[in-house]
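The values are calculated or read from the model by the stated rules, or taken from the named source; none is laboratory data. Owing to the predicted nature of the structure, the values given are computational and were not obtained by experimental measurement. Reconstructed Cβ throughout: ideal geometry from the backbone, glycine too, with neighbour counts over all protein chains shown. The area values use the complete protein model at the heavy-atom level, side chains included, leaving out ligands, DNA and RNA. Shrake-Rupley method; radii C 1.70, N 1.55, O 1.52, S 1.80 Å.
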Amino acid sequence: MIQAEELTDSVSSAAKEAPVTLADIKSMSLSDLLDKVIGDLIHFAISLAVAIAIFYAGRFIINKLYTFVQNICTKRNIEASLSTFILSFVRIVLYFILIVTVIGILGIPTSSFLALFASAGVAIGMALSGTLQNFAGGVLILLLKPFKVGDTIEAQGFTGTVKKIEIFNTMLTTPDNKSIIIPNGGLSTGAVNNYTTQSYRRVDWTVSISYGDDFTKARDVLLEMLAEDSRVIQDVQGGVTAAPMARLAKLNDSSIDLTVRAWVASPDYWNVFFDFNEKVYAQLPDRAGVSFPFPQLDVHVTR
């Protein structure tokens, strides 16, 4: 008996929820039709009121979350371009979820809407695959910070100072004042040589003298020249064993090659490199009694 009543109730509720057809409307009396219309309007008014309340409550929550994320970005000193992207992304995603929720409350089917949005997203993603790769690379660079604005780097066959890091590209300025724009996709996955990361750099020279010259005297004079330069580090500093070195490296065809190495602060690298070259050329022959060789060929003629 109870099962029969439950079955009757389920059939009745199903009949109430079934869509009203034109034939059903024609068969209704005026009073029944008015009751139906008034009931639907009341139901829609309640759903609309709930949807409006949820929309404003959701907007209030979104603003709070937006402010919370913004404060986190400010406290952690996140790059301005990255923080702007994060905040825009958070706002768009939350508003999308809120709008879908409100549409569902109003009784509008959301499955087709979501399917259309997903299809559009796939189509846009395929059309902009390269751009999206550069976009993802820009986000990784801004998050992981393998380099920053002002660093001197070598990447993708170019060497220059980083002037600007954008979402899709990074701009370098070369030593001869050329502007190089490198896509972030390859920059984030390729090798990057950052010359500015370390406080100290090693400068290497190759000094050639002639056969028959006293290489020990040349070596001592080279070390004296390095000791005379205040920019050259003479002891252990910053965890680097920085004592200058000059050693016989190679017995070449026409010369004896000495390898000279010294540690300097990174900003002094090129000044020390060029100044020492000039000093060696101007002073080494007189101070060490050596000569600079040139390629030569001995020809022996026999009869």
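Amide hydrogen proximity for N169: with H placed 1.01 Å from N in the peptide plane, the residues at 5 or more positions away or on another chain lying under 5 Å are N184. Along region 248-259 the Karplus relation, 6.51 cos²θ - 1.76 cosθ + 1.60 evaluated at θ = phi - 60°, assigns HN-Hα couplings of 6, 9, 7, 9, 7, 4, 10, 7, 9, 9, 9, 9 Hz to successive residues, with x for each Gly and Pro. Using a ≥ b ≥ c from the Cα gyration tensor of region 178-303 (square roots of the eigenvalues), is it rounded, prolate or oblate, where a/c under 1.5 gives rounded and otherwise the larger of a/b and b/c decides, a/b for prolate? In terms of gyration-tensor shape, oblate. Backbone amide hydrogens, once placed in the peptide plane, bring V290 within less than 5 Å of nothing, excluding anything fewer than 5 places away on its chain.
In region 174-242, what trypsin sites (Lys or Arg not before Pro) fall in a loop by DSSP, with at most 13 other Cβ atoms inside 10 Å? Walk me through the intermediate numbers first.
Details: sites: K178, R201, R202, K217, R219, R231; in loops: K178, R231.
Here the trypsin sites (Lys or Arg not before Pro) that fit, given the DSSP loop and packing criteria, are K178.
Computed from backbone phi with θ = phi - 60° and the Karplus coefficients 6.51, -1.76 and 1.60, the 3J(HN,Hα) list for region 48-63 is 5, 5, 5, 5, 5, 5, 5, 4, 5, 5, x, 5, 4, 5, 4, 4 Hz; x is used for glycine and proline.
For region 216-222, putting each phi into the Karplus relation 6.51 cos²θ - 1.76 cosθ + 1.60 with θ = phi - 60° gives couplings of 5, 5, 4, 4, 5, 5, 4 Hz, in residue order, rounded to whole numbers and with x for Gly and Pro. Ligands, DNA and RNA left out, the 1.4 Å accessible surface of region 131-239 is 51% carbon and sulfur atoms.
With a 10 Å radius around each residue's Cβ, average the other Cβ atoms per peptide and rank 279-286, 246-253, highest first. Working shown, then result.
Numbers: 279-286: 14.2, 246-253: 12.8.
Ranking the peptides 279-286, 246-253 by packing returns 279-286, 246-253.
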